[in-house]
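Take a look at the structure set out below.
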Amino acid sequence: MTSRRQFLLLSLVATPAIAQLDPNIAAKRKASLEAAIRKVTGGKPVRPGKVTLDVPPLVDNGNTVPVTVSVESPMTAANHVQAIHLFTEKNPQPFVFTAHLGPRAGRAKISARCRIADTGNVIAIAQMSDGTFWSDTISVVVTLSACLEDGLI
Amino acid sequence: MAAVAVTIPKTAKRGEVIEIKTLAAHVMENGFRRTQTGELIPRDIITQFVCTYNGVEVFRAELYPAMAANPLIAFTTVATESGTLELKWTGDNGYTATHSASITVS
């Protein structure tokens, strides 16, 4: 049981550490993610579906997270995936990679390893040749953060 | 010459979808980390990867600091004809790495 005196003392100790963090960090991260997605889609609607994002739901080490993105597409000249974009929600900047494909790819499947700073969503967006955008979102739990060694996100 | 490791099948049937796995040795310093004295470590990453098949670009990727160190990229392409696959990585501070492999399509 914490007494009122102990609580006040604790809050005095804890305040300087918290003060280093930007109080609007969550809102800023959200805005930068939305800006990044808008940059890619040009404001067009992104529908969930067609894309399968494969990320482990529990990540021990955020420094190397295996990611596989596959998209349902016949990959013909008339109907193929033009690009696959990958974003993370909590990183200092949301882009991970942009892969440009074409009918020569045969299959729309990309594997890579990315860094994830904190527990949050990973979003894959596929840009089809007909101009539509499809996405898949997976929420991952990260125990060891990447990007910032001291853990301050 | 920067070190890369690439897996490309040597032979394939015409029209077969082949998988290409690439790994480039690179620290991918993300530009957000600090030294013990608090100085920001400048960004040093691979920014682009291009794969050409007999001179035709079949795959291109733009990489950002959120790619892990020693970036792995695995993708697919259709084996259309015998020839060479040229892979090229470019990055900050004039980093370039190339790899070429020949493929026989029957």
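Just so you know, all these numbers are worked out from the coordinates, no wet-lab data involved. Nothing here was measured: the structure is a model prediction, and the numbers come from that model. Backbone-built Cβ (ideal geometry, glycine too); neighbour counts: all protein chains shown.
For chain B, averaging the sequence separation of C-alpha pairs within contact (under 8 Å, six or more residues apart) and dividing by the residue count gives a relative contact order of 33 percent. Think of the range A:24-144 as having a plus end and a minus end, set by charges on the Cβ of Lys, Arg, Asp and Glu; of A:Asn63, A:Pro45, A:Ala112, A:Pro45 sits farthest toward the positive end of this dipole.
Each residue of the range A:81-96 is assigned a 3J(HN,Hα), and the resulting list reads 8, 7, 8, 10, 10, 10, 10, 10, 7, 9, 6, x, 9, x, 5, 10 Hz, derived from the Karplus form 6.51 cos²θ - 1.76 cosθ + 1.60 (θ = phi - 60°), x at Gly and Pro.
Evaluating 6.51 cos²θ - 1.76 cosθ + 1.60 at θ = phi - 60° for every residue in the range B:43-53, the Karplus couplings come out as 5, 8, 9, 7, 9, 9, 9, 10, 10, 10, 10 Hz, glycine and proline recorded as x. Under a GNM of chain B (C-alpha, springs under 10 Å), which listed residue has the highest mean-square fluctuation: B:Thr35, B:Thr76, B:Thr84? Of B:Thr35, B:Thr76, B:Thr84, the Gaussian network model singles out B:Thr35 as fluctuating most. Among rounded, prolate and oblate, which fits the range A:96-136 when a ≥ b ≥ c are the square roots of the eigenvalues of its C-alpha gyration tensor, a/c under 1.5 means rounded, and a/b larger than b/c means prolate? Cα axes put the range A:96-136 in the oblate bin.
Here chain B yields Rg over Rh of 1.08, to two decimals, using C-alpha coordinates and the Kirkwood radius. As a length-normalised measure over Cα pairs under 8 Å and 6 or more apart, the relative contact order of the range A:81-151 settles at 34 percent. For a paramagnetic label modelled on A:Lys44 (point 7 Å from Cα along Cα→Cβ), amide N atoms under 12 Å away belong, within the range A:55-83, to A:80-83. According to the Cα-based calculation, Rg over Rh for the protein assembly as shown is 1.06, with Rh computed by the Kirkwood formula. Projecting the Cα positions of B:Ala25, A:Pro23, A:Thr98 onto the charge dipole of the protein assembly as shown (unit charges on Cβ atoms of Lys, Arg, Asp and Glu, taken about the Cα centre) puts A:Pro23 furthest along the positive direction.
Sequentially through the range A:134-143, phi angles give Karplus couplings (6.51, -1.76, 1.60; θ = phi - 60°) of 10, 9, 9, 10, 10, 8, 10, 9, 10, 8 Hz, Gly and Pro residues having no value and appearing as x. Using only side-chain charges placed at the Cβ, +1 for Lys and Arg and -1 for Asp and Glu, the dipole size of the protein assembly as shown relative to its Cα centre rounds to 400 debye. For the range A:24-144, the alpha carbon convex hull comes to 88 Å³ per residue, rounded to a whole number.
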